[in-house]
Every structure is written in structure tokens, then in C-alpha cells.
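**Student:** Pasting in a structure now, in C-alpha cells, and then I'll have a few things to ask.
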Amino acid sequence: MEKTFLMVKPDGVQRQLVGEIISRFERKGFQLVGGKLMNVSSELAGEHYAEHKERPFFNDLVEFITSGPVFAMVWQGENVISTSRKMMGVTNPKEATPGTIRGDFGLTVRKNIIHGSDSPESAVREIGLFFSEQELQDYSKLINRWIY
Ligand code: DAT
Ligand code: MG
């Protein structure tokens, strides 16, 4: 089953949106396979955002993601990578559709509440950066037969 890496950023944790966000993915039918409240070191932040190293906002991005605890998660389900991106809304909350997480809770691109992997390759890479094998649970839910 497809897996993705999702992370409530420091603004989402401070604004007490962790429960709301978990609830949205649970109600959609996705399955939580790993989760933890943690601090992101500058080293991990640099690796996680490596693709943005040359961007003018890179330093602000690293400063922000290391500014307080994040809630890191791994979710699984059919099409979870692209569907969770749709549920998050586009990068800039100013343009994100109401009904999406960024559309409902965010105002600016620098504090856009949630991160989600954008492709199967980044999902594998990001899950590996944030979680060890032992931190991921392999279990089945009876309700899945009413979802699939
Ligand atoms: P996403 O988080 O939707 O995958 P991204 O990978 O393009 O977006 O960028 C990573 C983060 O960097 C994004 O969540 C917020 C920040 N960011 C993106 N574009 C920005 C900009 N023009 N100014 C400031 N921050 C930006
Ligand atoms: Mg991205």
C-alpha cells in the first residue's frame, strides 16, 4: 500500500491543529502508520529541504521548521500521496481552496501549517529521513473492508 510523509509544521502545532489534521486524514479513510512530536535539527531541515537550497527563502524555511516542535507522520492508503496533497491545498494559503487544510487555516506562504511529500520518490526519501523501520507499524484495520 502507498505511503506518504506528512508533517504538521511548528505553526500548526502551536495553533493546536494536530488533532484537527489527524482527524481529517482518519475520516478520509487513510491509516496512520507512524507519528511523533519532535524537534527538527538544522541538519535534518537542510536535508529535508535540499531541493530548495538555492532559493532566496531557504534560510527562513530552515529557521521556521526548526523553531519549535513538529508532528511528523506516515500515512498509508490508496493514492495517499496525491490525495493528501489535494487535502493540504496549494503551497500558498492565499490561493488554497477553502475546504483544504491550508485554505481553511493559513494566511501566508511562510506559515502554511503542513508539509506533504509530492511524489513516490520524495515519500520514500522523507519517510527514511524522519522514521526508522521500527517506528512504522504494520497492522490491519477491520474497517478497511468498508473503505476498499
Ligand atoms: P510545498 O510545501 O507545497 O511542497 P514547496 O516544496 O514548493 O511547497 O516549498 C516548500 C516550502 O517552502 C513551502 O511549504 C513554503 C516555503 N515556500 C515556498 N515558496 C515560497 C516563497 N515564494 N516564499 C517563501 N516561502 C516559500
Ligand atoms: Mg514540497
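The values are calculated or read from the model by the stated rules, or taken from the named source; none is laboratory data. Here the structure is a predicted model, which is why all the values come from computation and not from measurement. Positions of Cβ are backbone-derived with ideal geometry, glycine not excepted, and every protein chain shown enters the neighbour counts. We work out accessible area using only protein heavy atoms, side chains counted, and drop any ligands, DNA or RNA first. Shrake-Rupley method; radii C 1.70, N 1.55, O 1.52, S 1.80 Å.
**Student:** Which links in Lys111/Lys141; Lys28/Lys53; Lys53/Lys141; Lys9/Lys141 stretch past 30 Å when you go from one Cα to the other?
**Tutor:** Violating the 30 Å Cα-Cα cut-off are Lys111/Lys141; Lys28/Lys53; Lys53/Lys141.
**Student:** Next up: In whole angstrom, how far apart do the alpha carbon centroids of the range 91-106 and the range 1-25 sit?
**Tutor:** 14 Å
**Student:** Taking the Cα centre of the range 2-146 as the origin and placing charges on Cβ (Lys, Arg +1; Asp, Glu -1), which of Phe57, Ile101, Ser132 is farthest toward the positive end of the dipole?
**Tutor:** Of Phe57, Ile101, Ser132, it is Ile101.
**Student:** A further question follows. Per the helix-only calculation at 222 nm, which mean residue ellipticity applies to the chain, given -39500 (n - 2.57) for every DSSP H run of n ≥ 4 and division by its residues, nearest 500 deg cm²/dmol?
**Tutor:** -10000 deg cm²/dmol
**Student:** Counting Lys and Arg as +1 and Asp and Glu as -1, each charge on the Cβ, what is the dipole of the chain about the Cα centre in debye, to the nearest 20?
**Tutor:** Dipole magnitude for the chain comes out near 560 debye.
**Student:** Another question about this same structure. In whole Hz and in residue order, list the ³J(HN,Hα) couplings for the range 127-143 that follow from phi through the Karplus curve 6.51 cos²θ - 1.76 cosθ + 1.60, θ = phi - 60°; x for Gly and Pro.
**Tutor:** For the range 127-143, the Karplus-derived couplings read 4, x, 6, 9, 10, 8, 3, 5, 7, 9, 9, 9, 8, 10, 10, 4, 5 Hz, x marking Gly and Pro.
**Student:** What are the ³J(HN,Hα) couplings of the range 111-124, residue after residue, when phi is run through the Karplus curve with 6.51, -1.76, 1.60 and θ = phi - 60°? Round to Hz, x for glycine and proline.
**Tutor:** Karplus-based 3J(HN,Hα) across the range 111-124 equals 10, 10, 6, 9, 10, x, 4, 9, 7, x, 5, 5, 4, 4 Hz.
**Student:** Another question, then. Give the carbon-plus-sulfur fraction of the accessible surface of the chain in %, rounded to a whole number; probe 1.4 Å, heavy atoms of protein chains only.
**Tutor:** 51 percent
**Student:** In straight Cα distance, which aspartates and glutamates are under 15 Å from Lys94, not counting same-chain residues fewer than 8 positions off?
**Tutor:** Asp104
**Student:** How about the range 16-118: which GluC sites (Glu not before Pro) there lie in a loop by DSSP and see at most 13 other Cβ atoms within 10 Å?
**Tutor:** Glu54, Glu78, Glu95
**Student:** Enter the accessible area per residue of the chain (Å², integer; probe 1.4 Å; all protein chains in place).
**Tutor:** Here the per-residue accessible area is 56 Å².
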